[in-house]
Amino acid sequence: MRRFPTIFISAAFAVALPLATLPSAAWASGDDISKVNGSVTVEANQPAGDVSTVNGSVRIGDGAKVEKADTVNGSIDLGDRAQARSLETVNGAVTLGDSSRVAGTVTSVNGTLHLARGAEVLGKLSNVNGGITLETAHVAGGINTVNGDITVGANSHVEGGILVEKNSGSWFHWGKSHDPIITIGPHAVVQGTLEFRRDVVLNVSDSAQIGPVKGATVVKFSGATP
């Protein structure tokens, strides 16, 4: 997927620069926080502007509200009921807590993406490598991956479809390639096209609702899991 490397390499260099010079927006009404070689924490129920680090993780406490959170070589943890405009990491997982909300995109190159119960992403949810899991969650802008398994858990809702890109064999790839496993759980809804540009295993609950499928054969299952 050739556009991913360009985007994420640019992001990696951008996040290494101090963000204190960037104007704060009204979204969170808090100060920007920037660090190199260390983790960053926004305390529960506190506001912050842009939050970034290199070689460290970002933890946004329960009920906190930030502009943008990004890191290189670290994870991002958005707490329960916390809010952000966007989340981005180059090498690390992204976790959204219960009833958390991201107004824009959530992206990772090498890392899992996990949305807990009631979590909501209004933009696109995307990565290159790493599993993507929704637990009764909502994604409004679609899901993209190259090598990751995707689980749209029971009662989850995805708008904008699902796209699994062809593996380009770039240096972003982790380990040996496998055919991604895509699972659409009981009573889940995926609106839009499910498009697969490489071989996948597509498991769909007999109670789920999905849009048109391109490039894969649906394997129906009953019960909680395939």
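Here, each number is a calculation from the coordinates, and none is a lab measurement. For clarity, every value in this text was computed on a predicted model and none was experimentally measured. Every residue, glycine among them, receives a Cβ derived from its backbone with ideal geometry; neighbour counts consider all protein chains shown.
Over 23 Å between C-alpha atoms is what I'm after, so list which of Lys166/Lys214; Lys124/Lys214; Lys124/Lys220; Lys65/Lys124 land there. Don't skip to the answer; put the middle values down first.
Working: Lys166/Lys214 13 Å; Lys124/Lys214 20 Å; Lys124/Lys220 26 Å; Lys65/Lys124 20 Å.
Over 23 Å Cα-Cα: Lys124/Lys220.
Multiplying the sequence separation of Asp179 and Gln191 by 0.36 nm and subtracting their Cα-Cα distance, what value in nm do you get?
Gain on extension, Asp179 to Gln191, equals 2.0 nm.
Using the per-residue mean of other Cβ atoms lying within 10 Å as a proxy for protection, in what order, highest first, do the peptides 198-211, 105-118 fall?
Answer by packing, highest mean first, reads 105-118, 198-211.
How are the C-alpha pair distances of the range 55-111 spread across 10 Å bins, as whole percents from the shortest bin up?
It works out to 30, 59, 12, in whole percents.
Put a dot 7 Å past each Cα toward the Cβ at Asp31 and Arg117; how far apart are the dots in nm?
Reported label-point gap for Arg117 and Asp31 is 3.7 nm.
Between Rg and the Kirkwood Rh of the range 67-226, both from Cα atoms, what is the Rg to Rh ratio? If you can, show how the numbers build up before the last one.
On the way: Rg = 14.6 Å, Rh = 15.3 Å.
With Rg and the Kirkwood Rh in hand, the quotient comes to 0.95.
Is the range 39-159 best put as rounded, prolate or oblate by its Cα gyration tensor, with a ≥ b ≥ c the root eigenvalues, rounded for a/c under 1.5, and otherwise prolate when a/b is larger than b/c, oblate when not? It would help to have the intermediate numbers written out before the result.
Details: a/c = 1.91, a/b = 1.22, b/c = 1.56.
The shape class here is oblate.
How much length is gained on full extension from Ala140 to Ser39, taking 0.36 nm per residue of separation minus their Cα-Cα distance? Provide the component values of the computation, followed by the final result.
On the way: separation 101, 0.36 × 101 = 36.36 nm, distance 2.97 nm.
Contour length minus the Cα-Cα distance gives 33.4 nm.
Spin-label point model (7 Å from Cα, Cβ direction): what's the Ser168 to Asp206 distance in nm?
If labels sit at Ser168 and Asp206, their model points lie 4.2 nm apart.
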